Structures are given as structure tokens and as C-alpha cells.
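The values are calculated or read from the model by the stated rules, or taken from the named source; none is laboratory data. Note that the coordinates shown come from a computational prediction; the quantities given were computed from them, not determined experimentally. Glycine also receives a Cβ, built like all others from the backbone with ideal geometry; neighbour counts cover every protein chain displayed. SASA here: full protein model, heavy atoms, side chains in, ligands and nucleic acids out. Shrake-Rupley method; radii C 1.70, N 1.55, O 1.52, S 1.80 Å.
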Amino acid sequence: MTSWSERSRTQAVMLNPALLATLTANAAHLYRENGERAMPWPLAFIIAPLVLHRATRESLPRTVRANLNAWVADHPVEHAGFARRATSLKGSVQEGMRFGLRNGVLAVDADGGLIASLARGKGHTLAKDSDVQQIVARAGFVGRWLTKIEQPATVFVVLGVTP
């Protein structure tokens, strides 16, 4: 893990623990809301590499009815860099999960799944078209989308990464 003093401004902004905790929490919140169960914690490592990379985020489907296998087949360029991104983001995602757990944004249920407690209201709004708002919204979409896949291991196999 790179120390904060050695991180570039972009790294400090896009890979800060609060943002990564928020991405994971929004995905976990909508996963539970749509799947009626807590999000398996290994899926937290899938969220950030899908939504932080602009080209991948923009290529994600608009509906949760889209098939993950078909999306991967239709987007070979985005898929080609996914494993490298996922590996490089592992430490940052872990740091974000620790931050989220310490600060009550994330919790672990009795079965080991991630659940979220997100504060929503006027004080927590982002500019409608900001990159951060789009990233957080797409993280929620990915959470809903992944509820369609019964086994988390399937997600890892299709995306070509190991948990």
C-alpha cells in the first residue's frame, strides 16, 4: 500500500477509503434491496474495477437484465484490462472496507455478507452530473446486476479473476 504522502492527487481522490467504502456500500445496499440477501463480501473487489475505470463504467449495460457473459463477450477491450485493474485495486478496496466497517457505513451480517448503512439526505447530495455521482450510481447498478448471479464464484470466473 502506497503511503498517503507518496500518492498522486488523482490517486488520493479516486482511491480514498471514504469513496471506496461508499462504492461498496451503495453496491451492497442495492444488492440486498434487490436480492433480499446481503452481498457476499468477495464481490466488493469487483465493484471498484468496474466503475472507477471510465471506459468500463460507460460500457456497463443500462439494465440488470443484461447477461454478464454477453457483456464480457461484447466488450473485449474493457474485459482485457479488468484482471490487472482488480489486482491493482485490491489493497485500496481492503482499505475502503476497513474504513467503512470502522465508521458504520458497512457491516457484516451473521452469514458473512456485507450490508450497508448509507446516510441519505440534503446534506449528502452530489452534483447531478459529477464523475463521483456517476461512479457511485454505477456501483449501485453493479450491486443490483450481480444479484442475478447465484454464485459469486461465477462472477470471478466470467471476469477472469480469482477471489
Tell me which residues, restricted to the range 32-58, are surrounded by fewer than 19 Cβ atoms within 10 Å (Cβ to Cβ) and of a type in the set (S, T, N, Q).
-> 34
Could you tell me whether residue 61 is open to solvent by 30 Å² or more (accessible area, probe 1.4 Å), over 19 Å from residue 33 (Cα atoms) and either among the charged types (D, E, K, R) or touching a helix residue (DSSP H, G or I) at 6+ places or on another chain (Cβ under 8 Å) (or both)?
-> no
Kindly list the number of the only condition in (1) more than 26 Å from residue 158 (Cα to Cα); (2) touching a residue at least 60 places away in the same chain (Cβ under 8 Å); (3) open to solvent by 70 Å² or more (accessible area, probe 1.4 Å); (4) assigned to a loop (DSSP other than H, G, I, E, B) that fails for residue 111.
-> (1)
Qualifying positions in the range 128-148 - in contact with a helix residue (DSSP H, G or I) (Cβ under 9 Å, 6 or more places away or on another chain), assigned to a loop (DSSP other than H, G, I, E, B) and open to solvent by 30 Å² or more (accessible area, probe 1.4 Å) = 148
Within the set of pairs 6 or more residues apart or between chains, which connect a residue that is exposed (fewer than 14 other Cβ atoms within 10 Å of the Cβ) inside the range 68-95 to a residue that is part of a helix (DSSP H, G or I) and not hydroxyl-bearing (Ser, Thr, Tyr) with Cβ atoms less than 8 Å apart?
-> 69/158; 77/55
